[in-house]
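For reference, the structure discussed in these notes is given below.
The values are calculated or read from the model by the stated rules, or taken from the named source; none is laboratory data. No experiment lies behind these values; they were computed from the predicted model shown. Virtual Cβ from ideal backbone geometry, glycine too; neighbours counted across all protein chains shown.
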Amino acid sequence: MKKKKKEKDIQELLQAKQKAHKYCRHHLQGVVKNIQKLRRQLKKPKNKRCSIYSIDNELIHNQVLLNEVVKHLEKK
């Protein structure tokens, strides 16, 4: 009986770890995409760039997501 409970606990821990990795990977992929967008915008001539405010909003959002990932990783 104890062996089954222990196996179940291990399975739950593994699932939680996989979910945490998926969460971090998802946010980091979003950050990478937005950095790539920003690089493409900065390569364009100034008169053809998107509004700096829309880019700034994306960067703020990325910063928040990165802070969440860092906090999550510090807990481990």
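General observations
- Test: residue in region 30-37 that is assigned to a helix (DSSP H, G or I), over 22 Å from LEU73 (Cα atoms) and touching a Lys or Arg at 6+ places or on another chain (Cβ under 7 Å): no
- The residues of region 1-32 that are closer than 15 Å to GLN63 by Cα, of a type in the set (A, V, I, L, M, F, W, C) and without any contact (Cβ under 8 Å) to a residue 24 or more places away in the chain amount to a single one, VAL32.
- Top-ranked residue of region 8-39 - restricted to ones that are exposed (fewer than 11 other Cβ atoms within 10 Å of the Cβ) and modelled with pLDDT under 80, ranked as farthest from ASN67 (Cα to Cα): LYS8
- Verdict on ASN67 being part of a helix (DSSP H, G or I), loosely packed, with under 10 Cβ neighbours inside 10 Å and of a type outside the set (D, E, K, R): no
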